[in-house]
Amino acid sequence: MSGGSLLLRMELRSNPESLCVVRNTTGELTQTLGFPEAECRAVVLAVDEALTNIIRHAYQGRTEQPIEATFRRIQVARDGLQQPALEIVLEDRGMTVDREKLCGRKLEDVRPGGLGLHFIRESMDTVEFRRKWGRNQLRMVKLLHDAKTSRES
Amino acid sequence: MLQISVRHFEKTTILDVSGDIDLASSPELRKALLRELRERRTPRVVLNLNGVHYTDSSGVASLVEGLKASREVGSRLVLFGLNSAVREVLQLSKLLRVFEIADSEEQAVAS
């Protein structure tokens, strides 16, 4: 679906036990790409929360269901500049995502739950959901702010 | 893997937590907190998060549930030993000021 250079593709199962493996891998990847430490943690949190949502909502807690995670290095046009970024696409074959449920809750309402999507949106620069060919697709982009940018030709 | 060890004192219980708190492990934290607060009615429960280097929203939800339980039974829930990752997540949730957070175990126990 996207251009850019492929960095990593993982085929996962919807098992909560696999989350720590994905977190470690994502952390290593973001460090290698040169993200600052706090942004590495933010990307790890977003990926973990997105996978948690897939396991809990799309697959309703069923384990052994397929999830595909693709990490690409892309260029994003911002203010006439080409800026490097990390694009992460998560795909599952679970239930259609209920948009109402994805709205999260008001932070002032101190109660358990409803924070995952808020964390994802706060952690990433772009968050897009779509349903395509019977699959839920979540695309997240994090800009590499500290990297050199080049003027768009 | 999450590990929780419990130290009981006269009116205080300290839960030493280490490992990552996520979808797989947060039920264990929730269970330990609610056991101390709802079943044992411990007047003060102190959560040592020094060994926790990651928590997600399900971990935050377990803490919020613990906080609500403490208010219901008239106990206190005090946290200490928050590292950057845990602090950032509580900050993102706008919950840093909702929880009672101490700088050290001594302060948590003395407060």
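The values are calculated or read from the model by the stated rules, or taken from the named source; none is laboratory data. As the structure is a prediction and not an experimental result, all values here were calculated from the model. Here Cβ is always computed from backbone atoms with ideal geometry, including for glycine, and neighbour counts include all displayed protein chains.
Checking B:R71, B:R35, B:R30 one by one, the residue that is surrounded by fewer than 23 Cβ atoms within 10 Å (Cβ to Cβ), under 13 Å from the mean Cα position of the chain (by Cα) and within 17 Å of B:F99 (Cβ to Cβ) is B:R30 and no other. Residues in segment B:1-26 that are more than 10 Å from chain A (Cβ to nearest Cβ) and free of Cβ contacts under 8 Å to residues at least 60 places away in the same chain: 15 in all. Search segment A:1-32 for residues being at pLDDT 95 or above and touching a Lys or Arg at 6+ places or on another chain (Cβ under 7 Å), and hand back the single one that is farthest from B:V86 (Cα to Cα). Among those residues, the one meeting the criterion is A:S5. Across segment A:36-84, the qualifying residues are those that are buried (at least 18 other Cβ atoms within 10 Å of the Cβ) and small (G, A, S), and the one among them that is farthest from the other protein chains (Cβ to nearest Cβ) is A:A69. Contact map, segment A:73-96: first residue at positive phi, second residue at pLDDT below 95, Cβ cut-off under 8 Å, separation 6 or more or different chains; pairs are A:G80/A:R151; A:G80/A:E152. Count of segment B:88-111 residues, restricted to those that are closer than 18 Å to A:L45 by Cα and either assigned to a helix (DSSP H, G or I) or polar (S, T, N, Q) (or both), is 6.
Taking segment A:1-23 as the range and being polar (S, T, N, Q) and surrounded by 13 or more Cβ atoms within 10 Å (Cβ to Cβ) as the test, the residues that pass are A:S14, A:N15, A:S18.
Considering only segment A:105-120, I want to know if a residue exists there that is modelled with pLDDT of 85 or more, exposed (fewer than 15 other Cβ atoms within 10 Å of the Cβ) and within 14 Å of chain B (Cβ to nearest Cβ). For segment A:105-120, residues modelled with pLDDT of 85 or more, exposed (fewer than 15 other Cβ atoms within 10 Å of the Cβ) and within 14 Å of chain B (Cβ to nearest Cβ): absent.
In segment B:87-111, the residues that are within 16 Å of B:V46 (Cα to Cα) reach residues that are assigned to a loop (DSSP other than H, G, I, E, B) with C-beta atoms within less than 7 angstrom, at least six apart or across chains, in these pairs: B:V98/A:V110; B:I101/B:L82; B:A102/B:S111.
Would you mind stating whether B:A32 is assigned to a helix (DSSP H, G or I), within 14 Å of chain A (Cβ to nearest Cβ) and either out of contact with any Phe, Trp or Tyr (no Cβ under 9 Å at 6 or more places or on another chain) or not small (G, A, S) (or both)?
Against the criterion (assigned to a helix (DSSP H, G or I), within 14 Å of chain A (Cβ to nearest Cβ) and either out of contact with any Phe, Trp or Tyr (no Cβ under 9 Å at 6 or more places or on another chain) or not small (G, A, S) (or both)), B:A32 does not qualify.
Would it be correct to say that B:R41 is part of a loop (DSSP other than H, G, I, E, B) and touching a Ser or Thr at 6+ places or on another chain (Cβ under 8 Å)?
Yes.
Residues in segment B:51-87 that are closer than 22 Å to A:V44 by Cβ and in a loop (DSSP other than H, G, I, E, B) were compared, and the one that is farthest from the other protein chains (Cβ to nearest Cβ) is B:G81. Scanning segment B:91-106 for residues that are of a type in the set (K, R) and facing chain A (nearest Cβ under 10 Å) yields a total of 1.
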